[in-house]
Every structure is written in C-alpha cells, then in structure tokens.
1. Taking a point 7 angstrom from the Cα of Glu6 along the C-beta vector, which residues in the stretch 25-53 have backbone N less than 18 Å away?
2. Tell me the label only: which of (i) 30, 23, 16; (ii) 37, 22, 18; (iii) 53, 20, 13 is Cα extents along the principal axes in Å as calculated from this structure?
3. Just in the chain: which GluC sites (Glu not before Pro) are loop by DSSP and have at most 12 other Cβ atoms within 10 Å?
4. Set Lys and Arg Cβ to +1 and Asp and Glu Cβ to -1, take the dipole of the chain about its Cα centre, and tell me which of Cys11, Tyr35, Phe22 lies farthest positive.
5. Going through the stretch 5-44, which trypsin sites (Lys or Arg not before Pro) have at most 13 other Cβ atoms within 10 Å and a DSSP loop state?
6. With +1 on the Cβ of every Lys and Arg and -1 on the Cβ of every Asp and Glu, and nothing else charged, how large is the dipole of the chain about its Cα centre, in debye rounded to the nearest 20?
Amino acid sequence: MLPSEEVIGRCDLRIGHKRKTFICGNISYEIDKVYQENHFSYDARLLMFSLAK
C-alpha cells in the first residue's frame, strides 16, 4: 500500500477531437519504473475510463 501523497506516475485525459487526440488518443498514463509491476497502470486506466464516460 502506498502513502496517499506519493506520486507514482501521471495520467492525462484529453477531451475533444483535435490532431493530438487523433494521433495520441484521448487517454494516456505513465507509471514510474519502480512501480510498474504492481498493476497500477490497470487501475489508472480504469479510473480514466470512468472519468471519460
């Protein structure tokens, strides 16, 4: 379990249809290498999908 203030990566949700979203997509996430094999990217993706809806 992580302390609540610890930053382990970042997420982006891009709303709308522009050139950047056409090329890169609407959702992106990055997890720091130290935390990559803990399924945090899966959790981040689920959170971003629920925000996008």
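Please treat every number below as a calculation from the coordinates, not as lab data. Only a predicted model underlies this, so the values are computations on that prediction, with no experimental measurement involved. Using ideal geometry, Cβ is built from the backbone for each residue, glycine included, and neighbour counts are taken over all protein chains shown.
1. Of the residues in the stretch 25-53, 30-44 have backbone N under 18 Å from the label point off Glu6.
2. Computing Cα extents along the principal axes in Å and matching it to (i) 30, 23, 16; (ii) 37, 22, 18; (iii) 53, 20, 13 gives (ii).
3. When the GluC sites (Glu not before Pro) of the chain are filtered for loop state and at most 12 Cβ neighbours within 10 Å, Glu5, Glu6 remain.
4. Highest projection toward the positive end goes to Phe22.
5. On the way: sites: Arg10, Arg14, Lys18, Arg19, Lys20, Lys33; in loops: Arg14, Lys18.
Those that pass, being in a loop and sparsely packed, are Lys18.
6. Details: 8 positive and 7 negative charges, 112 e Å.
So the magnitude is around 540 debye.
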